[in-house]
1. Specify whether the C-alpha gyration tensor of segment 110-156 places it in the rounded, prolate or oblate class, a ≥ b ≥ c being the square roots of the eigenvalues: rounded for a/c under 1.5, otherwise prolate if a/b is larger than b/c and oblate if not.
2. What is the calculated FRET efficiency for residue 22 to residue 71, with r their C-beta to C-beta distance and R₀ = 25 Å, to the nearest 0.05?
3. Going by average Cβ density within 10 Å per residue, which order do the peptides 124-132, 140-148, 83-91 take, highest to lowest?
């Protein structure tokens with residue numbers, strides 16, 4: 001997606017999963033993960049092209065890897081309600097006053113899945129990926145994540 005297409009509440013998929021846009025600035029998109037509880041600020045250039053995550057080339061990612069307790073969930077809901085009640089001016093002021101935090105995210109290494117595609121299909125995939133400005137393998141991962149999120153869970 002291009003920077004200009006994002007609005008607060010827009011849901012989108014990446015190779016890492018499903019995300020919801022929570023703030024759109026002139027050069028920054030803030031999104032929260034709807035799956036592993038991550039927050040990433042993506043920075044954009046004047047032309048609207050993505051230049052990387054966070055301030056400069058540093059990555060700003062915060063992950064809650066463990067399950068949250070009921071008390072932690074209640075505290076987060078109270079905090080979220082407080083943010084929801086803020087005016088746009090107050091939110092912008094508080095957001096601008098915030099300091100970036102550099103966090104090292106440790107995830108298990110991704111598993112590899114090999115698929116066989118005929119040359120025509122692979123070329124089409126690469127062409128679509130180039131158009132979307134992502135790698136073909138990331139595009140496939142996004143499509144799979146999107147499709148799986150729409151599937152109903154199997155009956156036990």
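1. Numbers: a/c = 2.26, a/b = 1.83, b/c = 1.23.
It comes out prolate by the Cα gyration axes.
2. Details: r = 24 Å, r/R0 = 0.94.
Computed FRET efficiency for residue 22 and residue 71 comes out at 0.60.
3. Numbers: 124-132: 12.9, 140-148: 14.9, 83-91: 10.0.
Put in order of decreasing packing, that is 140-148, 124-132, 83-91.
Read-outs: derived from the displayed coordinates by stated rules, not from any lab. These figures come from a predicted structure and were not determined experimentally. For neighbour counting, all protein chains shown are included, and Cβ atoms are generated from backbone atoms with ideal geometry for every residue, glycine included.
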